[in-house]
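Only the coordinates and a few stated rules stand behind these numbers; no lab work does. Just so it is clear, the model here is predicted, and its values are computed rather than measured. Here the Cβ positions follow ideal geometry from the backbone for every residue, glycine too, while neighbour counts run over all protein chains shown.
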Amino acid sequence: MINRSKAALPVITLILMTGLFLLAGCSDNQANKDINNSKTLDVIKVANSSIPTSVSLADVADELGFMAEEGIKLEFVGIVPAGQLVASVTSEKLDVGGAHVNRTIAGIAAGAKIKAVIANTETTEERPHMTYVVREDGPIKSAKDMVGKKLAIYAYGGCNEYTPYEYLRKNGISDPKGKFQIVIVPAGKEEEALRRGEVDIAGIHDSPENILKHGGGVRVLFTDYDVWGTVGGATPSYFSENFIKEKPDVVRRYVKAMAKTINWVNANPEQAAEISARRLKVDPGIVRANYYAPDGIIKEDSVQVWIDLLKDYGEITKDIKLEDVYTNEFNPNFKK
């Protein structure tokens with residue numbers, strides 16, 4: 001009589017060996033696929049966040065894998081001061097830059113060949129782009145009280161400088177430049193300077209709600225929403241025209257991934273703040289999520305208001321048109 005269990009052994013062994021061979025082949029194929037994918041990722045050089053109190057969209061997009069989904073790898077090259085972002089993009093130290101739109105416009109007026117392709121922040125009454133606070137027991141209660149006082153901001157030439165100029169002008173103070181003293185402090189340290197008595201006013205990239213959570217002793221004087229409503233706080237991202245010409249598909253995929261990130265942050269602001277805090281290595285309590293333009297669509301009036309403003313202040317003399325500054329053509333969410 002034949003022992004059936006012994007007779008079956010060669011068959012079972014063959015099946016097991018075949019299965020292992022197939023599994024190994026699948027594993028090798030997946031490994032090769034991963035290697036191939038890593039080789040085909042398009043690298044985009046970006047700056048690390050310079051404002052530790054705000055969510056970094058690039059960090060969130062990288063953390064959640066939205067860029068990798070579009071075949072893009074972000075290469076973080078370090079902090080670049082806001083005033084140097086345009087030059088860093090045109091010199092190819094960075095591939096993409098982004099700060100307040102007035103810097104984009106000023107750069108283009110000066111000859112920089114750049115173009116904004118996706119919106120970032122957008123002002124709301126609850127979550128403005130800029131908030132200006134004073135000491136609660138101090139004498140500053142109106143625009144005219146700012147004259148001759150010290151204002152802490154983290155850089156010249158941006159929204160934090162021009163917003164108070166326009167606040168003064170809209171409240172009857174002509175030629176507001178020079179009517180108060182600007183004191184430059186590190187980003188995120190403006191409120192500390194105010195509380196220490198080193199300045200009279202602090203311009204902060206944060207919402208009134210968050211600032212007032214830090215404790216008493218300060219009150220809100222005004223926000224950019226009080227000056228312009230929803231249109232004053234735009235901070236679109238831009239590429240050089242050369243990059244756009246050479247790699248339009250990369251730009252399109254970047255915009256798609258960033259638009260997805262923007263919508264995710266708007267829906268999950270607390271989680272976004274946690275991601276940024278961890279990656280920026282700061283206390284989560286100081287990080288807040290801005291409100292971002294839905295789908296990353298750049299709005300005409302958010303750019304035009306700053307073209308007009310910079311002309312009024314004599315900062316630009318060229319005739320800058322909207323199409324010189326931005327395009328929504330790379331955004332899959334944009335409907336003409």
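Comparing A187, A257, A273 in a Gaussian network model of the chain (Cα springs below 10 Å), the most mobile by mean-square fluctuation is A187.
A simple spin-label model places the labels of N263 and K150 4.8 nm from each other, with each point 7 Å out along Cα-to-Cβ. Among T131, A47, V231, pick out the residue whose Cα is farthest towards the positive end of the charge dipole of the chain, where Lys and Arg carry +1 and Asp and Glu carry -1 on C-beta, about the Cα centre. My answer, from the dipole projection, is A47. Shape class of the range 226-270 from the Cα gyration tensor (axes a ≥ b ≥ c, square roots of the eigenvalues): oblate, since a/c reaches 1.5 or more and a/b does not exceed b/c. Within the chain, the proportion of C-alpha pairs whose separation exceeds 35 Å stands at 30%. Close amide H partners of E122, meaning residues 5 or more places away or on another chain with modelled amide H under 5 Å apart, are Y291, Y292, A293. Its Kirkwood hydrodynamic radius, worked out from the mean inverse distance over all distinct Cα pairs, puts the range 196-327 at 17.8 Å. Provide the FRET efficiency to the nearest 0.05 for the H214-I297 pair, computing r from the beta carbons and using R0 = 25 Å. After rounding, the FRET efficiency stands at 0.15. Across the range 131-229, Cα-Cα pairs more than 16 Å apart make up 50 percent of the total.
Rank G98, G148, G203 by mean-square fluctuation in a GNM of the chain with C-alpha springs under 10 angstrom and give only the top-ranked residue. So, out of G98, G148, G203, the one fluctuating most is G148. Amide H contacts under 5 Å for F222: Y132, restricted to partners 5 or more places along the chain or on a different chain, H placed in the peptide plane at 1.01 Å from N. Between I262, I204, I316, the Gaussian network model of the chain with springs among Cα atoms under 10 angstrom shows the greatest mean-square fluctuation at I316. Between their Cα atoms, which of K149/K321; K113/K177; K45/K335; K189/K336; K93/K150; K45/K179 are more than 32 Å away from each other? Exceeds cut-off: K149/K321; K189/K336; K93/K150; K45/K179. Between the residues I108, V250, V96, the greatest Cα displacement towards the positive end of the dipole of the chain, with unit charges on the Cβ of Lys, Arg, Asp and Glu, is found for V250. Near K115, which aspartates and glutamates are there with a Cα under 13 Å away, not counting those fewer than 8 places off in the same chain? Cα-Cα hits under 13 Å: D95, E241, E323, D324, E329.
Shown here are the Rg and Dmax of the Cα trace of the range 64-164, at 17.7, 55 Å.
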